[in-house]
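The next block holds one structure in the form of structure tokens; read it before the comments.
Please treat every number below as a calculation from the coordinates, not as lab data. The structure presented is a predicted model; accordingly, all values stated were derived computationally and were not measured. Note: ideal-geometry Cβ built from the backbone for every residue, glycine included; neighbour counts use all protein chains shown.
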Amino acid sequence: MKILAIESSCDETAAAVTEERRVLSNIVATQIEEHRLYGGVVPEIASRRHTEAISAVCREALTRAETDFSGIDAVAVTFAPGLIGALLVGVNFAKGVALSANKPLIPVHHLRSHIAANYITHPELKPPFLCLLVSGGNTVLTEVCDYTRFRVLGGTRDDAAGECFDKTARCMGLAYPGGVTLDRIATVADNQKYPLPFPQVHSGEFDFSFSGLKTAVMNLVHNAAQKGEEIDVPVVCATVRRRVCDMLIEKTLRAAEKTGCRQIAIAGGVSANSELRRRMQEECARRGYSLYLPDLAFCGDNAAMVGVQGYYEWQSGNVAAASLNAAATMPITYR
Ligand code: KG4
């Protein structure tokens, strides 16, 4: 079954053609350079750029897959969660294509598609497994019971892990997207120079909290500026990265122990983090767990993962009516 998949939930306009888990084409038009001017995503600009790019991106995806609308069996689209104006561009475009080409329309939840990035990289991966989903807007620890059935164990109480990286990087003057820059320059081993907190969550065994760490870094940077002192940016970056990874890794391993899941996957933009990947590989090898990491090309937002998840949504009978709407927030267990 060939699927034309469309993704526009944040700052990448993306389209892909997939066939079950195979990626026939994958086109991503990123807006990062433009948002970099403002230090973060400007929603209104994101929507306008999606509107400008979406036709050409879809055409390119079809051309690279050596097909056209007549060779497609269905259209899959990210409908939630994300920036509402950005999502609406993809949803409305997909509705138009599905209606005019007389193809079914498959709604895809953004976080489910990030998990599906692992199905592309690891053809042997099948549920059930445990997944740590870490992106710019979400941090969720979930059991993937089946391709479209999830049992959420915990999530962030405040900021997402990616947001913590982005905001701390921004207050140190690092370029957007901060998580990427912070990871690159955190080359100095963590030391005791800056006693940044390890944020605690007192109830909710598998919940996370990152806002305390973010505030501590902002206070550190602002206090140093007021006193005219220099901060050691690579050391702060290494310490922030260590604290975030400590929390993500500790809770994930504890969840694996408690649930008995021996297969663990990581997904979302932050799954590209070099320390998270390295330490999870070491910890899982020590315990005899199988670890699945998406190929770096599929960690960030892309439409190939939407097409692959779309296939499983289709198999479970999830087809949208022409009245499909976008939603800024939506739990992964919505259906
Ligand atoms: O999944 P994604 O592309 O978009 C969302 O759906 O949110 O994730 C983007 C997030 C940003 O916060 C970005 O800074 C972070 O992923 N990110 C990283 C790395 N690469 C991307 N964070 C830490 N280390 C990285 N190497």
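Please find the FRET efficiency linking Tyr334 to Glu20, where r is the Cβ-Cβ separation and R0 is fixed at 22 Å, and quote it to the nearest 0.05. Intermediate results must be reported in sequence, preceding the final value.
Values: r = 24 Å, r/R0 = 1.07.
E between Tyr334 and Glu20, to the nearest 0.05, is 0.40.
Counting Lys and Arg as +1 and Asp and Glu as -1, what is the net charge of the other residues whose Cβ lies under 11 Å from the Cβ of His114? Walk me through the numbers on the way to the answer.
Working: positive: Arg112; negative: Glu7, Asp301.
Neighbour charge sum, excluding His114 itself: -1.
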Review point. What number, in percent, do you get for the relative contact order of the chain if the mean sequence gap of Cα pairs under 8 Å and at least 6 apart is divided by its residue count?
Key: 26 percent
Review point. For the cross-link pairs Lys193/Lys258; Lys95/Lys126; Lys167/Lys227; Lys167/Lys258; Lys167/Lys251; Lys126/Lys258, which exceed 26 Å when the distance is taken from alpha carbon to alpha carbon?
Key: Lys193/Lys258; Lys95/Lys126; Lys167/Lys258
Review point. Between Ser211 and Phe69, what is the spin-label point distance in nm, taking each point 7 Å from the Cα along the Cα→C-beta axis?
Key: 4.6 nm
Practice item. Any chance you could check the Cα centroid distance between region 100-173 and region 263-309 for me, in angstrom? Key: 11 Å
Revision key, fill the gap. Taking a ≥ b ≥ c as the square roots of the Cα gyration tensor eigenvalues, with a/c under 1.5 meaning rounded and otherwise prolate when a/b beats b/c or oblate if not, region 1-138 comes out oblate
Exercise for review: List Met172, Met305, Met280 from most exposed to least, where exposure is judged by having the fewest other Cβ atoms within 10 Å.
Suggested key: Met172, Met280, Met305
Exercise for review: Compute the FRET efficiency between Glu230 and Arg279 as 1/(1 + (r/R0)^6), taking r as their Cβ-Cβ distance and R0 = 30 Å, and round to the nearest 0.05.
Suggested key: 0.55
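Rounded, prolate or oblate for region 126-297? Axes are the square roots of the Cα gyration tensor eigenvalues, ordered a ≥ b ≥ c, and the cut-off for rounded is a/c under 1.5. Each step should come with its number before you reach the end.
Numbers: a/c = 2.10, a/b = 1.90, b/c = 1.11.
Judged from the Cα gyration tensor, region 126-297 comes out prolate (a/c at least 1.5, a/b above b/c).
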Review point. Of Phe198, Thr329, Tyr176, whose Cα points farthest to the positive end of the dipole of the chain (charges on the beta-carbon: +1 Lys, Arg; -1 Asp, Glu; origin at the Cα centre)?
Key: Phe198
**Study point:** Ranking of Cys164, Cys284 by count of other Cβ atoms within 10 Å, fewest first
**Key:** Cys284, Cys164
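Given a Förster radius of 35 Å and the C-beta distance between Tyr38 and Glu60 as r, what FRET efficiency does 1/(1 + (r/R0)^6) yield to the nearest 0.05? It would help to have the intermediate numbers written out before the result.
On the way: r = 27 Å, r/R0 = 0.78.
Calculated transfer efficiency: 0.80.
Within the chain, which is the longest segment containing none of the GluC sites (Glu not before Pro) that sit in a DSSP loop and have at most 14 other Cβ atoms within 10 Å? It would help to have the intermediate numbers written out before the result.
On the way: sites that count: Glu20, Glu66, Glu124, Glu205, Glu229, Glu230.
So the longest stretch without any such site is 231-335.
What's the longest uninterrupted piece of the chain once you rule out the chymotrypsin sites (Phe, Trp or Tyr not before Pro) that are loop residues per DSSP with at most 16 other Cβ within 10 Å? Mind showing how you got there, number by number?
Details: sites that count: Tyr38, Tyr334.
So the longest stretch without any such site is 39-333.
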Study note, to complete from the structure: If every Lys and Arg gets +1 and every Asp and Glu gets -1 at its Cβ, then about the Cα centre the chain yields a dipole, in debye to the nearest 20, of 520 debye
Check your understanding: Arg286 to His222: extension gain in nm, 0.36 nm per residue of separation minus the Cα-Cα distance?
Key -> 19.0 nm
